[in-house]
Amino acid sequence: MSTLKITDLHVSVETDQGTKQILRGVNLTINKGEIHAIMGPNGSGKSTLAYAIAGHPKYTVDSGSITLDGVEVLEMSVDERAKAGLFLAMQYPVEIPGVTNSNFLRTAKTAIAGEAPSIRTWVKDVRDAMGKLKMDGSFAERNVNEGFSGGEKKRNEILQLELLKPRFAVLDETDSGLDVDALKIVSEGVNRAHDETDLGVLLITHYTRILRYIKPDFVHVFVAGRVAEEGGPELAERLEEEGYDRFVTADV
């Protein structure tokens with residue numbers, strides 16, 4: 001079984017006020033096929049964890065490790081992490097002027113698979129995936145995320161997820177800015193990817209509403225850069241009722 005393991009991870013970032021430690025000893029193990037939800041208040045380190053896994057240069061790993069099937073991810077470049085099967089859906093997807101969605105997707109698929117997909121099969125796969133996400137076919141020839149609405153950008157991230165077929169996906173607040181209809185469509189895309197490829201999912205969110213559509217196996221509460229509590233889906237329901245006050249107060 002494929003496993004993504006985070007061990008005693010400490011991460012810092014440079015700010016105008018100097019170096020600030022964000023993650024303070026995170027331990028987390030995700031097996032292929034499992035869905036883990038990370039919840040917590042603003043500034044608790046959820047997105048920092050996502051970017052540390054992906055290899056964002058802004059974040060410095062001071063100590064600890066991230067391994068994928070026993071291989072140290074921290075020694076990999078960003079593209080090597082993607083080829084190894086890691087995927088990040090960003091909270092704020094970036095625009096790439098001058099690069100069409102179709103070119104981007106086929107280039108990425110070729111880089112990950114080691115060979116270019118058959119044009120005929122690939123075009124059909126892209127068309128089918130876009131249809132399931134209720135994306136107009138014209139988006140294939142538009143520049144990546146350029147002029148897209150917030151909801152369209154999030155659907156485009158899930159389009160990449162479905163076509164690139166990673167082993168583990170980190171979804172950083174994929175639900176932010178989505179209306180109910182878009183949330184359902186995006187969630188259905190994540191569930192399809194999970195069901196079809198036994199995808200391991202690390203779902204970062206503030207709210208429980210996306211967990212009504214994407215059912216987590218485990219819920220982790222993040223406070224002040226560490227995991228404050230862990231449990232099953234019932235923990236998310238408790239957070240919905242009580243909020244994070246008791247964790248924040250305990251940390252202080």
Checklist entry - Given a 1.4 Å probe and the protein chains all in place, what does the accessible area of Ile119 round to, in Å² to the nearest 10? => result 100
Checklist entry - Can you give the angle from 0 to 90° between the axis of helix 101-113 and the longest principal axis of the chain, with both taken from C-alpha atoms, to the nearest 10? => result 70
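Can you give the FRET efficiency for Val180 and Tyr92, using 1/(1 + (r/R0)^6), R0 = 22 Å, r = Cβ-Cβ distance, to the nearest 0.05? It would help to have the intermediate numbers written out before the result.
On the way: r = 21 Å, r/R0 = 0.96.
For Val180 and Tyr92, the calculated efficiency is 0.55.
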Item to check | Distance violations [Cα-Cα > 28 Å] among Lys58/Lys215; Lys83/Lys132; Lys109/Lys184; Lys20/Lys165 | outcome: Lys58/Lys215; Lys20/Lys165
Checklist outcome for this item: the chain: relative contact order from alpha carbon pairs under 8 Å, six or more residues apart, as a whole percent, is 26
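Asn143 to Arg246: FRET efficiency via 1/(1 + (r/R0)^6), r the Cβ-Cβ distance, R0 41 Å, to the nearest 0.05?
After rounding, the FRET efficiency stands at 0.35.
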Checklist outcome for this item: With only helices counted (DSSP H, runs n ≥ 4, each -39500 (n - 2.57)), the per-residue ellipticity at 222 nm for the chain, to the nearest 500, works out to -11500 deg cm²/dmol
Checklist entry - Gain in length, Ala116 to Ser63, computed as 0.36 nm per residue apart minus the alpha-carbon separation, to one decimal in nm? => result 15.3 nm
Checklist entry - So between Asn27 and Val13, what do we pick up on full extension, going 0.36 nm a residue minus the alpha carbon distance? => result 3.1 nm
Item to check | Sparsely packed trypsin sites (Lys or Arg not before Pro) within the stretch 18-83, loop by DSSP, other Cβ within 10 Å at most 15 | outcome: Lys58
Item to check | In the stretch 144-224, the GluC sites (Glu not before Pro) that fall in loop regions by DSSP, at most 16 other Cβ within 10 Å | outcome: Glu146
Checklist outcome for this item: Once both label points are put 7 Å beyond Cα along the C-beta direction, the Ser2-Glu75 separation in nm becomes 2.0
Next on the checklist: Rolling a 1.4 angstrom probe over the protein chains, ignoring ligands and nucleic acids, what is the accessible area of Met90 in square angstrom, nearest 10?
Outcome noted: 50
Checklist entry - So how far apart, in nm, are the two label points at Val123 and Asp136 if each is 7 Å from Cα heading toward Cβ? => result 2.1
Checklist entry - For the chain, what is the charge dipole size about the Cα centre, in debye to the nearest 20, if Lys and Arg each add +1 at the Cβ and Asp and Glu each add -1 at the Cβ? => result 640
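The values are calculated or read from the model by the stated rules, or taken from the named source; none is laboratory data. Predicted model, so just to flag it, every value in this text is computed and none were measured. Note that we place each Cβ from the backbone using ideal geometry, even for glycine, and neighbour counts take in every protein chain shown. Surface areas here come from the heavy atoms of the whole protein model, side chains and all, with no ligands, DNA or RNA. Shrake-Rupley method; radii C 1.70, N 1.55, O 1.52, S 1.80 Å.
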